[in-house]
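Participant: Below you will find the structure I want to go over with you.
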Amino acid sequence: MKRRGVYPFTAIVEQEDMKLSLILNVINPALGGVLIKGEKGTAKSTAVRALAELLPAMEAVKGCRFHCDPAQESFLCDDCTEKFHKDGLSDIETLKMRVVELPVSATEDRVVGTLDVEYAIKKGEKKFEPGLLAQANRNILYVDEINLLDDHVVDVLLDAAAMGVNTVEREGVSYSHPARFVLVGTMNPEEGDIRPQLLDRFALSVTVTGEHDRDNRKEVIKRRLAYEADPEGFIAAYQKEQEELAQKIVAAGKLLPEVTVADDMLDKVAGLAIDLGVDGHRSDITLIKTAMTMAAFQGRKNVETEDLKIAARLALPHRMRRRPFEDGTLDMEKVLAALEG
């Protein structure tokens, strides 16, 4: 049976914050992932799979277990680093970005990989069996129902997402490999919440709901029926939009290192965090990094107030301090007023 093509990312109706959060994390994997909260049937998993399909193929070192980027010497695994200094990395293949799914039942070893300590002692060489983080390097790591995952495993994922490296240590033997991936966690709040300490580690968080606008809801139905009736024709109809968005994402990734932030923008962010009583400094740093990524997505080399506003909407709500009998929701009017000041 012929495999049906993936539903186009640009065909998803509304859900703009979810789509933007995913795009920003693909442009800048160092952001630290996105948590998507919402009821079932709100296109969460559809959006994740569609995003991977949208992006162009990437170059990778042929045969590498971590599909290292030959153009990024500082992010090569040990084997590729050795090859690079010995003969260079001329044997290249092209791979599509893919979605690596992490099951809720996954153990820590399944996620980070395993080291054969006995082999290392006997042979004096490290023998590493890659885990899901190895597969996820330069890909999207998708965890559905992340609120049901073991807290320690979530911690490991978030550490790797923030550092871009996975390090496994067993009885004095350690092994590290690149683990630069886009972490996407989805959850239905009705099935239990996620600990605040873990929630804060996600760069961005969005809440999605079913459409309440009649016309938009009608459009969701029409598009889904059209896709199921003729997948190839439906995908072809969105091909131009898909290519334009893909080109914009690639261009933003190249522009990002050139984006700068003026001192007055930093003043606004620092003042906002103090006004809102947000704990720690992670929110300030994440907000600035998100605003820089947003500026690159818009084709600019400087961060503007509008970028800060969008970043605040995505990076702050899940970091609001919750007091007894308060829901910890973000007062966007207060945020906008502070950023305009």
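The values are calculated or read from the model by the stated rules, or taken from the named source; none is laboratory data. Since the model is a prediction, treat every value here as computed from it, not as a measurement. Methodologically, a virtual Cβ is constructed for each residue, glycine included, from the backbone with ideal geometry; neighbour enumeration extends over all protein chains shown. Remember, those area values only see protein heavy atoms, side chains included, never the ligands or the DNA or RNA. Shrake-Rupley method; radii C 1.70, N 1.55, O 1.52, S 1.80 Å.
Participant: I'd like the antiparallel share, as a percent to the nearest 5, of DSSP beta bridges with both residues in the range 21-159.
Facilitator: Values: 6 of 9 bridges.
Restricted to the range 21-159, the bridges split so that about 65 percent are antiparallel.
Participant: Using just the helices of the chain, give the 222 nm mean residue ellipticity in deg cm²/dmol: DSSP H runs with n ≥ 4 each add -39,500 (n - 2.57), and the total is spread over all residues, rounded to 500. Don't skip to the answer; put the middle values down first.
Facilitator: On the way: 15 runs with 156 residues, N = 341.
So the helix-based figure for the chain works out to -13500 deg cm²/dmol.
Participant: Next up: Per residue, what accessible area does the chain have, given a 1.4 Å probe and all protein chains present, in Å²? Please report the intermediate quantities before stating the final value.
Facilitator: Details: 17630 Å² over 341 residues.
Accessible area per residue, the chain: 52 Å².
Participant: What's the carbon and sulfur percent of the range 184-333's accessible surface, probe 1.4 angstrom, rounded to a whole number? All intermediate terms of the calculation are to be shown ahead of the outcome.
Facilitator: Values: 4410 of 8470 Å².
So the carbon and sulfur contribution to the accessible surface is 52 percent.
Participant: For a quick check: with amide H placed at 1.01 Å from N, whose amide H comes under 5 Å from residue 179's, ignoring anything fewer than 5 positions away on the same chain?
Facilitator: Amide H neighbours of residue 179, under 5 Å, 5+ apart: 165, 166.
Participant: Among 250-261, 297-308, how do they line up from the highest to the lowest mean number of other beta-carbon atoms within 10 Å? Don't skip to the end; give the middle numbers.
Facilitator: Details: 250-261: 15.1, 297-308: 17.2.
Ranked from most to least packed, the peptides come out as 297-308, 250-261.
Participant: Continuing with this model, one more query. Per-residue counts of other Cβ atoms within 10 Å, averaged by peptide: what ranking do you get for 332-338, 17-23, highest first?
Facilitator: My ranking of the peptides, most packed first, is 17-23, 332-338.
Participant: For Cα extents along the principal axes in Å, pick the label among (1) 50, 42, 38; (2) 64, 52, 42; (3) 90, 43, 31 that corresponds to the value derived from the coordinates.
Facilitator: Entry (2).
Participant: Calculate the spin-label point distance for residue 218 paired with residue 155, positioning each point 7 Å from the Cα along the beta-carbon direction, and give it in nanometres.
Facilitator: The two pseudo-label positions are separated by 5.3 nm.
Participant: Right, another one. How large, in percent, is the carbon and sulfur part of the accessible surface of the range 1-118 at a probe radius of 1.4 Å?
Facilitator: Working: 2710 of 5800 Å².
Whole-percent figure for carbon plus sulfur exposure: 47.
Participant: Taking H as built 1.01 Å from N, whose amide H comes closer than 5 Å to the amide H of residue 139, not counting residues under 5 places away?
Facilitator: For residue 139, whose amide H was placed from the backbone, the distant partners under 5 Å are 182.
Participant: Could I ask something else about it? I'd like the FRET efficiency for residue 266 and residue 241, computed as 1/(1 + (r/R0)^6) with the beta carbon distance as r and R0 of 41 Å, rounded to 0.05.
Facilitator: Values: r = 36 Å, r/R0 = 0.87.
About 0.70, to the nearest 0.05.
Participant: Return the subset of 44/240; 40/254; 40/334; 44/218; 44/222; 222/309 for which the Cα-Cα distance in this structure is over 27 Å, preserving the input order. Each step should come with its number before you reach the end.
Facilitator: Details: 44/240 23 Å; 40/254 36 Å; 40/334 32 Å; 44/218 19 Å; 44/222 19 Å; 222/309 33 Å.
In this structure, 40/254; 40/334; 222/309 exceed 27 Å between Cα atoms.
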